[in-house]
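This report concerns only the one structure given below.
The values are calculated or read from the model by the stated rules, or taken from the named source; none is laboratory data. Keep in mind the model is a prediction, meaning the values are calculated, not measured. Here Cβ is always computed from backbone atoms with ideal geometry, including for glycine, and neighbour counts include all displayed protein chains. Only protein heavy atoms, including side chains, enter the accessible area calculation; ligands, DNA and RNA are left aside. Shrake-Rupley method; radii C 1.70, N 1.55, O 1.52, S 1.80 Å.
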Protein chains: 2
Amino acid sequence: MKELTKQQSKVLACVEVYLNKTGFPPTRAEICKELGFKSPNAAEMHLRALEKKGYISIQSGSSRGISIVKSQQAFEKNVNQMPVIGLVAAGSPTLAEENIEKRIPCDPSMFSDSFDYFLKVKGLSMIDAGIHEDDLVAIKKTIDVKNGDLVVVRLEDEVTLKYFKKNNHNLELIPANKDFSTIEVDLREQEAFIEGKSVGLIRTH
Amino acid sequence: MKELTKQQSKVLACVEVYLNKTGFPPTRAEICKELGFKSPNAAEMHLRALEKKGYISIQSGSSRGISIVKSQQAFEKNVNQMPVIGLVAAGSPTLAEENIEKRIPCDPSMFSDSFDYFLKVKGLSMIDAGIHEDDLVAIKKTIDVKNGDLVVVRLEDEVTLKYFKKNNHNLELIPANKDFSTIEVDLREQEAFIEGKSVGLIRTH
DNA sequence: TTATATACTGTAAAAATATACAGTATAAAT
DNA sequence: ATTTATACTGTATATTTTTACAGTATATAA
(Lines give C-alpha, C1' and ligand atoms only; values in the text may rest on other atoms or scores of the structure.)
Protein backbone atom coordinates (compact mmCIF):
# COMPACT_ATOMS: atom_id res chain seq x y z
CA MET A 1 0.00 0.00 0.00
CA LYS A 2 1.34 3.38 -1.04
CA GLU A 3 2.45 5.80 1.60
CA LEU A 4 0.43 8.91 2.32
CA THR A 5 1.77 12.44 2.43
CA LYS A 6 1.33 14.37 5.65
CA GLN A 7 -1.61 16.33 4.30
CA GLN A 8 -3.31 13.30 2.75
CA SER A 9 -3.03 11.57 6.10
CA LYS A 10 -4.64 14.57 7.78
CA VAL A 11 -7.52 14.56 5.32
CA LEU A 12 -8.09 10.81 5.78
CA ALA A 13 -8.10 11.26 9.55
CA CYS A 14 -10.53 14.16 9.16
CA VAL A 15 -12.92 12.00 7.15
CA GLU A 16 -12.70 9.18 9.66
CA VAL A 17 -13.27 11.42 12.65
CA TYR A 18 -16.19 13.14 10.96
CA LEU A 19 -17.69 9.79 10.04
CA ASN A 20 -17.29 8.54 13.57
CA LYS A 21 -18.87 11.65 15.02
CA THR A 22 -21.78 12.19 12.67
CA GLY A 23 -22.36 8.85 10.98
CA PHE A 24 -21.90 10.23 7.49
CA PRO A 25 -18.90 11.50 5.52
CA PRO A 26 -17.98 15.19 5.22
CA THR A 27 -18.34 17.38 2.14
CA ARG A 28 -15.31 19.02 0.53
CA ALA A 29 -16.26 22.30 2.15
CA GLU A 30 -16.52 20.70 5.57
CA ILE A 31 -13.08 19.17 5.24
CA CYS A 32 -11.75 22.61 4.32
CA LYS A 33 -13.37 24.20 7.35
CA GLU A 34 -11.98 21.49 9.61
CA LEU A 35 -8.43 21.70 8.28
CA GLY A 36 -8.32 25.42 7.52
CA PHE A 37 -8.22 25.21 3.73
CA LYS A 38 -9.80 28.07 1.85
CA SER A 39 -10.70 26.28 -1.36
CA PRO A 40 -12.84 23.17 -1.77
CA ASN A 41 -10.42 22.11 -4.45
CA ALA A 42 -7.76 21.55 -1.79
CA ALA A 43 -9.92 18.87 -0.21
CA GLU A 44 -10.90 17.52 -3.63
CA MET A 45 -7.30 16.96 -4.67
CA HIS A 46 -6.41 15.17 -1.46
CA LEU A 47 -9.46 12.95 -1.76
CA ARG A 48 -8.52 12.06 -5.33
CA ALA A 49 -5.04 11.13 -4.16
CA LEU A 50 -6.46 9.01 -1.34
CA GLU A 51 -8.69 7.21 -3.81
CA LYS A 52 -5.79 6.60 -6.19
CA LYS A 53 -3.79 5.11 -3.33
CA GLY A 54 -6.65 2.86 -2.34
CA TYR A 55 -7.53 4.34 1.03
CA ILE A 56 -11.01 5.54 0.13
CA SER A 57 -13.47 5.17 -2.67
CA ILE A 58 -15.45 8.06 -4.07
CA GLN A 59 -18.91 7.62 -5.53
CA SER A 60 -18.78 10.14 -8.34
CA GLY A 61 -21.70 12.53 -8.47
CA SER A 62 -22.95 11.65 -5.02
CA SER A 63 -22.81 14.12 -2.20
CA ARG A 64 -20.71 12.89 0.71
CA GLY A 65 -20.00 9.82 -1.43
CA ILE A 66 -16.84 8.87 0.38
CA SER A 67 -16.29 5.46 1.90
CA ILE A 68 -13.27 4.28 3.82
CA VAL A 69 -11.52 1.33 2.21
CA LYS A 70 -8.57 1.15 4.53
CA SER A 71 -8.60 2.93 7.82
CA GLN A 72 -5.29 4.42 8.90
CA GLN A 73 -6.39 4.53 12.48
CA ALA A 74 -7.38 1.25 14.07
CA PHE A 75 -11.01 2.29 14.34
CA GLU A 76 -13.10 -0.55 15.67
CA LYS A 77 -15.49 0.03 12.82
CA ASN A 78 -13.12 -1.08 10.10
CA VAL A 79 -11.73 -4.18 11.73
CA ASN A 80 -13.10 -6.25 8.92
CA GLN A 81 -9.89 -5.70 6.97
CA MET A 82 -7.46 -8.03 8.69
CA PRO A 83 -3.76 -7.45 8.00
CA VAL A 84 -1.48 -10.07 6.48
CA ILE A 85 2.12 -10.11 7.60
CA GLY A 86 4.93 -12.03 5.95
CA LEU A 87 6.72 -14.52 8.16
CA VAL A 88 9.94 -12.60 7.87
CA ALA A 89 13.08 -14.20 9.14
CA ALA A 90 14.26 -11.14 10.99
CA GLY A 91 12.49 -9.30 13.73
CA SER A 92 9.13 -9.45 15.34
CA PRO A 93 6.08 -9.55 13.06
CA THR A 94 4.89 -6.11 13.96
CA LEU A 95 1.73 -4.56 12.63
CA ALA A 96 3.63 -1.54 11.37
CA GLU A 97 2.29 -0.43 8.02
CA GLU A 98 5.42 -1.41 6.11
CA ASN A 99 5.09 -5.02 7.21
CA ILE A 100 1.51 -5.40 6.03
CA GLU A 101 1.46 -7.20 2.70
CA LYS A 102 -2.25 -6.77 2.18
CA ARG A 103 -5.56 -6.88 4.02
CA ILE A 104 -8.27 -9.46 3.85
CA PRO A 105 -11.94 -8.62 4.39
CA CYS A 106 -13.03 -10.89 7.19
CA ASP A 107 -14.04 -10.76 10.79
CA PRO A 108 -11.70 -11.32 13.75
CA SER A 109 -14.44 -13.50 15.22
CA MET A 110 -14.58 -15.92 12.30
CA PHE A 111 -12.67 -18.58 14.18
CA SER A 112 -13.60 -19.93 17.57
CA ASP A 113 -11.12 -17.54 19.15
CA SER A 114 -10.49 -13.97 17.99
CA PHE A 115 -7.29 -13.12 16.18
CA ASP A 116 -5.20 -10.06 15.42
CA TYR A 117 -3.48 -10.70 12.10
CA PHE A 118 -2.65 -13.27 9.47
CA LEU A 119 0.86 -14.62 9.14
CA LYS A 120 1.95 -15.84 5.73
CA VAL A 121 3.68 -19.20 6.05
CA LYS A 122 7.14 -19.69 4.59
CA GLY A 123 8.69 -23.12 4.18
CA LEU A 124 7.44 -26.63 4.62
CA SER A 125 8.18 -27.35 8.25
CA MET A 126 4.50 -27.77 9.18
CA ILE A 127 3.34 -29.58 6.06
CA ASP A 128 2.21 -32.71 7.92
CA ALA A 129 -0.18 -30.50 9.86
CA GLY A 130 -1.69 -29.51 6.53
CA ILE A 131 -0.01 -26.11 6.65
CA HIS A 132 1.47 -25.24 3.30
CA GLU A 133 3.74 -22.50 2.05
CA ASP A 134 1.78 -19.24 1.57
CA ASP A 135 -1.10 -20.38 3.77
CA LEU A 136 -2.29 -17.62 6.06
CA VAL A 137 -2.34 -18.55 9.70
CA ALA A 138 -4.62 -16.48 11.93
CA ILE A 139 -2.61 -15.33 14.94
CA LYS A 140 -3.94 -14.17 18.26
CA LYS A 141 -1.44 -12.04 20.14
CA THR A 142 -1.04 -13.73 23.50
CA ILE A 143 1.59 -15.28 25.71
CA ASP A 144 -0.95 -17.65 27.18
CA VAL A 145 -0.06 -20.81 25.29
CA LYS A 146 -0.29 -24.46 26.25
CA ASN A 147 1.69 -27.50 25.20
CA GLY A 148 0.48 -28.64 21.81
CA ASP A 149 -0.58 -25.17 20.66
CA LEU A 150 0.62 -23.94 17.31
CA VAL A 151 2.62 -20.86 18.25
CA VAL A 152 4.61 -18.04 16.74
CA VAL A 153 7.89 -17.74 18.57
CA ARG A 154 10.79 -15.40 18.04
CA LEU A 155 14.29 -16.63 18.80
CA GLU A 156 16.83 -13.87 18.47
CA ASP A 157 15.91 -12.42 15.09
CA GLU A 158 14.15 -15.45 13.69
CA VAL A 159 10.38 -15.90 13.75
CA THR A 160 9.03 -19.42 13.51
CA LEU A 161 5.70 -21.22 13.53
CA LYS A 162 5.84 -24.52 15.42
CA TYR A 163 4.10 -26.71 17.95
CA PHE A 164 4.82 -25.64 21.49
CA LYS A 165 6.09 -27.88 24.27
CA LYS A 166 7.63 -26.66 27.47
CA ASN A 167 8.98 -28.46 30.52
CA ASN A 168 10.44 -26.13 33.13
CA HIS A 169 13.24 -24.26 31.36
CA ASN A 170 13.33 -26.62 28.42
CA LEU A 171 11.37 -25.34 25.41
CA GLU A 172 10.78 -27.51 22.37
CA LEU A 173 9.51 -26.10 19.10
CA ILE A 174 8.28 -29.08 17.15
CA PRO A 175 7.81 -29.11 13.38
CA ALA A 176 5.32 -31.29 11.51
CA ASN A 177 7.70 -32.62 8.90
CA LYS A 178 10.08 -35.51 9.41
CA ASP A 179 12.74 -33.71 7.36
CA PHE A 180 12.94 -30.98 9.97
CA SER A 181 14.18 -31.34 13.48
CA THR A 182 12.81 -30.00 16.72
CA ILE A 183 14.31 -26.74 17.93
CA GLU A 184 15.35 -27.10 21.55
CA VAL A 185 15.93 -24.06 23.69
CA ASP A 186 17.27 -23.89 27.20
CA LEU A 187 15.49 -20.82 28.51
CA ARG A 188 18.27 -20.21 31.03
CA GLU A 189 20.65 -19.61 28.15
CA GLN A 190 18.50 -18.11 25.42
CA GLU A 191 15.41 -15.93 25.37
CA ALA A 192 12.29 -16.95 23.45
CA PHE A 193 9.51 -14.46 22.74
CA ILE A 194 6.06 -15.88 22.27
CA GLU A 195 4.35 -13.64 19.74
CA GLY A 196 1.04 -15.45 19.76
CA LYS A 197 -0.77 -18.60 18.82
CA SER A 198 -2.67 -19.78 15.82
CA VAL A 199 -6.45 -19.94 16.09
CA GLY A 200 -7.09 -20.81 12.47
CA LEU A 201 -5.88 -20.93 8.92
CA ILE A 202 -7.01 -19.77 5.52
CA ARG A 203 -5.76 -20.68 2.07
CA THR A 204 -6.66 -19.34 -1.34
CA HIS A 205 -6.99 -21.95 -4.05
CA MET B 1 -39.11 3.49 22.57
CA LYS B 2 -42.12 4.00 20.38
CA GLU B 3 -43.14 1.26 17.99
CA LEU B 4 -42.58 1.67 14.30
CA THR B 5 -45.18 1.24 11.57
CA LYS B 6 -44.48 -1.34 8.91
CA GLN B 7 -43.36 1.25 6.40
CA GLN B 8 -41.23 3.16 8.86
CA SER B 9 -39.51 -0.08 9.72
CA LYS B 10 -38.85 -0.71 6.03
CA VAL B 11 -37.36 2.75 5.61
CA LEU B 12 -35.11 2.32 8.63
CA ALA B 13 -33.93 -1.05 7.32
CA CYS B 14 -33.32 0.55 3.93
CA VAL B 15 -31.13 3.24 5.47
CA GLU B 16 -29.20 0.66 7.48
CA VAL B 17 -28.61 -1.61 4.52
CA TYR B 18 -27.53 1.29 2.32
CA LEU B 19 -25.19 2.53 5.00
CA ASN B 20 -23.71 -0.92 5.40
CA LYS B 21 -23.21 -1.31 1.70
CA THR B 22 -21.87 2.10 0.72
CA GLY B 23 -20.57 3.62 3.93
CA PHE B 24 -22.81 6.67 3.69
CA PRO B 25 -26.56 7.23 4.13
CA PRO B 26 -29.02 7.37 1.23
CA THR B 27 -30.78 10.45 -0.11
CA ARG B 28 -34.58 10.72 -0.08
CA ALA B 29 -34.63 9.88 -3.78
CA GLU B 30 -32.48 6.78 -3.26
CA ILE B 31 -34.79 5.51 -0.53
CA CYS B 32 -37.70 5.98 -2.93
CA LYS B 33 -35.94 4.08 -5.67
CA GLU B 34 -35.09 1.28 -3.28
CA LEU B 35 -38.60 0.96 -1.87
CA GLY B 36 -40.58 1.85 -4.99
CA PHE B 37 -41.93 5.21 -3.83
CA LYS B 38 -42.53 7.79 -6.53
CA SER B 39 -42.16 10.92 -4.49
CA PRO B 40 -39.21 12.00 -2.36
CA ASN B 41 -41.73 13.31 0.11
CA ALA B 42 -42.72 9.73 0.94
CA ALA B 43 -39.22 9.06 2.21
CA GLU B 44 -39.06 12.46 3.87
CA MET B 45 -42.19 11.84 5.92
CA HIS B 46 -41.01 8.44 7.09
CA LEU B 47 -37.64 9.87 8.04
CA ARG B 48 -39.32 12.61 10.05
CA ALA B 49 -41.38 10.02 11.85
CA LEU B 50 -38.26 7.95 12.55
CA GLU B 51 -36.54 11.00 13.96
CA LYS B 52 -39.52 11.87 16.13
CA LYS B 53 -39.54 8.35 17.53
CA GLY B 54 -35.83 8.52 18.27
CA TYR B 55 -34.52 5.94 15.82
CA ILE B 56 -32.47 8.30 13.68
CA SER B 57 -31.28 11.87 13.80
CA ILE B 58 -31.40 14.18 10.82
CA GLN B 59 -28.88 16.96 10.33
CA SER B 60 -31.09 19.60 8.79
CA GLY B 61 -29.74 21.15 5.62
CA SER B 62 -27.09 18.50 5.11
CA SER B 63 -27.26 16.06 2.23
CA ARG B 64 -27.41 12.47 3.41
CA GLY B 65 -27.45 13.87 6.93
CA ILE B 66 -29.01 10.81 8.50
CA SER B 67 -27.44 8.96 11.38
CA ILE B 68 -28.72 5.86 13.08
CA VAL B 69 -29.50 6.39 16.76
CA LYS B 70 -31.02 3.01 17.45
CA SER B 71 -30.60 0.18 15.01
CA GLN B 72 -33.66 -2.01 14.75
CA GLN B 73 -31.71 -4.95 13.44
CA ALA B 74 -28.54 -6.04 15.17
CA PHE B 75 -26.47 -5.57 12.06
CA GLU B 76 -23.06 -7.12 12.42
CA LYS B 77 -21.44 -4.18 10.68
CA ASN B 78 -20.34 -5.14 7.19
CA VAL B 79 -19.83 -8.76 7.94
CA ASN B 80 -21.76 -11.39 6.15
CA GLN B 81 -22.63 -14.65 7.77
CA MET B 82 -21.48 -17.30 5.33
CA PRO B 83 -23.25 -20.66 5.62
CA VAL B 84 -21.46 -23.91 6.38
CA ILE B 85 -22.83 -27.07 4.82
CA GLY B 86 -21.87 -30.58 5.78
CA LEU B 87 -20.45 -32.70 2.99
CA VAL B 88 -23.36 -35.08 3.24
CA ALA B 89 -23.12 -38.34 1.42
CA ALA B 90 -26.58 -38.07 -0.07
CA GLY B 91 -27.96 -35.34 -2.25
CA SER B 92 -26.79 -31.99 -3.47
CA PRO B 93 -25.36 -29.59 -0.91
CA THR B 94 -28.23 -27.17 -1.09
CA LEU B 95 -28.34 -23.95 0.84
CA ALA B 96 -31.71 -24.87 2.31
CA GLU B 97 -31.90 -23.78 5.94
CA GLU B 98 -31.95 -27.33 7.28
CA ASN B 99 -28.60 -28.12 5.66
CA ILE B 100 -26.81 -25.17 7.20
CA GLU B 101 -24.76 -26.31 10.17
CA LYS B 102 -23.77 -22.84 11.23
CA ARG B 103 -22.68 -19.51 9.83
CA ILE B 104 -19.30 -17.89 9.93
CA PRO B 105 -18.82 -14.12 10.01
CA CYS B 106 -16.63 -13.35 7.03
CA ASP B 107 -16.74 -11.72 3.67
CA PRO B 108 -17.45 -13.55 0.40
CA SER B 109 -14.61 -11.54 -1.13
CA MET B 110 -11.98 -12.71 1.33
CA PHE B 111 -10.43 -15.06 -1.21
CA SER B 112 -9.24 -14.08 -4.67
CA ASP B 113 -12.54 -15.28 -6.09
CA SER B 114 -15.93 -14.87 -4.42
CA PHE B 115 -17.67 -17.85 -2.89
CA ASP B 116 -21.16 -18.90 -1.89
CA TYR B 117 -20.80 -21.27 1.01
CA PHE B 118 -18.42 -23.38 3.06
CA LEU B 119 -18.38 -27.13 2.73
CA LYS B 120 -17.26 -29.14 5.73
CA VAL B 121 -14.83 -31.83 4.63
CA LYS B 122 -15.44 -35.45 5.56
CA GLY B 123 -12.79 -38.13 5.20
CA LEU B 124 -9.13 -38.05 4.36
CA SER B 125 -9.15 -38.37 0.59
CA MET B 126 -7.55 -34.95 0.04
CA ILE B 127 -5.09 -35.01 2.91
CA ASP B 128 -2.01 -34.71 0.70
CA ALA B 129 -3.43 -31.42 -0.55
CA GLY B 130 -3.40 -30.25 3.06
CA ILE B 131 -7.17 -30.64 3.33
CA HIS B 132 -8.11 -32.28 6.59
CA GLU B 133 -11.32 -33.66 8.01
CA ASP B 134 -13.58 -30.84 9.25
CA ASP B 135 -11.73 -28.21 7.25
CA LEU B 136 -14.12 -25.76 5.62
CA VAL B 137 -13.66 -25.42 1.90
CA ALA B 138 -15.03 -22.22 0.35
CA ILE B 139 -17.15 -23.15 -2.65
CA LYS B 140 -18.10 -20.92 -5.54
CA LYS B 141 -21.21 -22.18 -7.32
CA THR B 142 -20.19 -22.56 -10.95
CA ILE B 143 -19.96 -25.14 -13.68
CA ASP B 144 -17.02 -23.33 -15.23
CA VAL B 145 -14.20 -25.59 -14.03
CA LYS B 146 -10.85 -26.46 -15.55
CA ASN B 147 -8.66 -29.53 -15.28
CA GLY B 148 -6.78 -29.36 -12.00
CA ASP B 149 -9.47 -27.40 -10.18
CA LEU B 150 -10.66 -28.66 -6.84
CA VAL B 151 -14.33 -29.29 -7.47
CA VAL B 152 -17.48 -30.43 -5.74
CA VAL B 153 -19.16 -33.07 -7.90
CA ARG B 154 -22.32 -35.03 -7.31
CA LEU B 155 -22.52 -38.57 -8.68
CA GLU B 156 -25.95 -40.06 -8.17
CA ASP B 157 -26.57 -39.27 -4.51
CA GLU B 158 -23.00 -38.90 -3.45
CA VAL B 159 -21.20 -35.57 -3.16
CA THR B 160 -17.44 -35.56 -3.35
CA LEU B 161 -14.57 -33.09 -3.28
CA LYS B 162 -11.78 -34.00 -5.70
CA TYR B 163 -9.43 -32.71 -8.33
CA PHE B 164 -11.10 -32.42 -11.70
CA LYS B 165 -9.80 -33.90 -14.95
CA LYS B 166 -11.87 -34.35 -18.05
CA ASN B 167 -11.07 -35.72 -21.52
CA ASN B 168 -14.03 -35.83 -23.84
CA HIS B 169 -16.56 -38.07 -22.12
CA ASN B 170 -14.06 -39.43 -19.63
CA LEU B 171 -14.20 -37.71 -16.26
CA GLU B 172 -11.63 -38.41 -13.58
CA LEU B 173 -12.09 -37.32 -9.98
CA ILE B 174 -8.66 -37.53 -8.45
CA PRO B 175 -8.01 -37.73 -4.71
CA ALA B 176 -4.88 -36.49 -2.95
CA ASN B 177 -4.20 -39.60 -0.90
CA LYS B 178 -2.43 -42.69 -2.16
CA ASP B 179 -4.82 -44.89 -0.16
CA PHE B 180 -7.75 -43.71 -2.29
CA SER B 181 -8.28 -44.39 -5.94
CA THR B 182 -9.40 -42.11 -8.72
CA ILE B 183 -13.10 -42.17 -9.54
CA GLU B 184 -13.56 -42.67 -13.25
CA VAL B 185 -16.84 -41.76 -14.89
CA ASP B 186 -17.89 -42.37 -18.47
CA LEU B 187 -20.22 -39.44 -19.01
CA ARG B 188 -22.10 -41.40 -21.71
CA GLU B 189 -23.18 -43.86 -19.07
CA GLN B 190 -23.48 -41.83 -15.91
CA GLU B 191 -24.33 -38.22 -15.14
CA ALA B 192 -22.06 -36.02 -13.06
CA PHE B 193 -23.24 -32.71 -11.62
CA ILE B 194 -20.63 -30.08 -10.97
CA GLU B 195 -21.81 -28.18 -7.93
CA GLY B 196 -18.94 -25.73 -7.82
CA LYS B 197 -15.25 -25.28 -7.21
CA SER B 198 -13.12 -24.44 -4.26
CA VAL B 199 -11.64 -20.97 -4.08
CA GLY B 200 -10.19 -21.29 -0.61
CA LEU B 201 -10.10 -23.06 2.69
CA ILE B 202 -10.36 -22.22 6.36
CA ARG B 203 -9.56 -24.27 9.41
CA THR B 204 -10.07 -23.57 13.08
CA HIS B 205 -7.22 -24.62 15.33
C1' DT C 1 -70.14 11.24 10.55
C1' DT C 2 -66.16 13.50 11.22
C1' DA C 3 -61.77 13.60 12.62
C1' DT C 4 -57.13 11.74 12.70
C1' DA C 5 -53.20 9.10 11.40
C1' DT C 6 -50.88 6.66 7.82
C1' DA C 7 -49.21 6.59 3.37
C1' DC C 8 -48.45 8.25 -0.38
C1' DT C 9 -48.08 11.41 -5.66
C1' DG C 10 -46.38 15.44 -8.00
C1' DT C 11 -44.06 19.76 -8.39
C1' DA C 12 -40.91 23.22 -7.55
C1' DA C 13 -37.55 26.16 -5.60
C1' DA C 14 -33.78 27.12 -2.54
C1' DA C 15 -29.73 25.40 -0.81
C1' DA C 16 -25.99 22.25 -0.72
C1' DT C 17 -22.50 19.96 -3.19
C1' DA C 18 -19.29 18.10 -6.60
C1' DT C 19 -16.27 19.32 -9.70
C1' DA C 20 -14.03 21.63 -13.59
C1' DC C 21 -10.81 25.26 -14.79
C1' DA C 22 -7.32 28.84 -14.19
C1' DG C 23 -3.95 30.21 -11.35
C1' DT C 24 0.12 30.71 -7.49
C1' DA C 25 3.89 29.03 -4.56
C1' DT C 26 7.46 25.92 -2.98
C1' DA C 27 10.58 22.15 -2.53
C1' DA C 28 12.81 18.23 -4.50
C1' DA C 29 14.40 15.73 -8.44
C1' DT C 30 16.58 15.53 -12.96
C1' DA D 1 17.92 25.19 -15.33
C1' DT D 2 13.80 22.87 -15.95
C1' DT D 3 10.65 19.61 -14.79
C1' DT D 4 7.70 17.33 -11.48
C1' DA D 5 5.06 16.69 -7.32
C1' DT D 6 2.81 18.71 -3.51
C1' DA D 7 -0.22 21.97 -1.85
C1' DC D 8 -2.92 25.10 -2.19
C1' DT D 9 -6.48 29.90 -3.67
C1' DG D 10 -10.42 31.56 -6.13
C1' DT D 11 -14.30 31.26 -9.12
C1' DA D 12 -18.01 29.28 -11.49
C1' DT D 13 -21.48 26.07 -12.78
C1' DA D 14 -24.05 21.94 -13.37
C1' DT D 15 -26.05 18.72 -10.57
C1' DT D 16 -27.73 16.81 -6.42
C1' DT D 17 -30.43 17.20 -2.57
C1' DT D 18 -33.43 19.00 0.88
C1' DT D 19 -37.62 20.54 1.82
C1' DA D 20 -41.86 23.11 1.47
C1' DC D 21 -46.49 23.04 -0.44
C1' DA D 22 -50.70 21.20 -2.54
C1' DG D 23 -53.11 17.27 -3.20
C1' DT D 24 -55.28 12.07 -3.05
C1' DA D 25 -56.60 7.75 -0.82
C1' DT D 26 -57.59 4.63 2.95
C1' DA D 27 -58.24 2.75 7.36
C1' DT D 28 -59.32 3.51 12.20
C1' DA D 29 -61.15 5.96 16.16
C1' DA D 30 -64.32 9.10 18.39
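Here are the numbers for the structure shown:
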item	result
Number of positions in segment B:158-182 that are among the aromatic types (F, W, Y) and open to solvent by 20 Å² or more (accessible area, probe 1.4 Å)	2
Pick from segment A:31-67, criterion among the acidic types (D, E) and within 11 Å of DNA strand C (Cβ to nearest atom), ranking: nearest to the chain's Cα centre (by Cα)	A:E51
Whichever residue in segment B:151-170 is touching a residue at least 40 places away in the same chain (Cβ under 8 Å) and charged (D, E, K, R) and, among such residues, is nearest to B:D116 (Cα to Cα)	B:R154
Residue in segment B:45-57 that is farthest from DNA strand D (Cβ to nearest atom), counting only those that are farther than 13 Å from B:E3 by Cα and open to solvent by less than 30 Å² (accessible area, probe 1.4 Å)	B:I56
Long-range neighbours under 9 Å by Cβ, at least six apart or interchain, first residue touching a residue at least 60 places away in the same chain (Cβ under 8 Å) and of a type in the set (A, V, I, L, M) within segment A:33-53, second in a helix (DSSP H, G or I) and more than 10 Å from DNA strand C (Cβ to nearest atom)	none
Within segment B:126-205, strands (runs of 3 or more DSSP E) holding 3 or more residues that are farther than 29 Å from A:S198 by Cβ	B:150-155, B:158-167, B:170-174, B:183-186, B:193-204
From A:I194, A:I202, residue being of a type in the set (A, V, I, L, M, F, W, C) and away from every other protein chain (no Cβ under 14 Å)	A:I194
Segment B:110-132, residues that are facing another protein chain (nearest Cβ under 10 Å) and either among the charged types (D, E, K, R) or open to solvent by 60 Å² or more (accessible area, probe 1.4 Å) (or both)	B:S112, B:D113, B:D128
Residues satisfying the stated conditions in segment A:170-191, i.e. small (G, A, S) and within 14 Å of chain B (Cβ to nearest Cβ)	A:A176
Residue in segment A:5-28 that is of a type in the set (S, T, N, Q), modelled with pLDDT of 85 or more and assigned to a loop (DSSP other than H, G, I, E, B) present	yes
Test: B:N99 is open to solvent by 30 Å² or more (accessible area, probe 1.4 Å) and at pLDDT 85 or above	no
Scan of segment A:183-204 for residues that are open to solvent by less than 10 Å² (accessible area, probe 1.4 Å) and free of Cβ contacts under 8 Å to residues at least 60 places away in the same chain, ordered by number	A:V185
Selection from segment B:29-44 of residues that are near DNA strand D (Cβ under 8 Å from one of its atoms) and surrounded by fewer than 20 Cβ atoms within 10 Å (Cβ to Cβ)	B:A29, B:E30, B:S39, B:P40, B:N41, B:E44
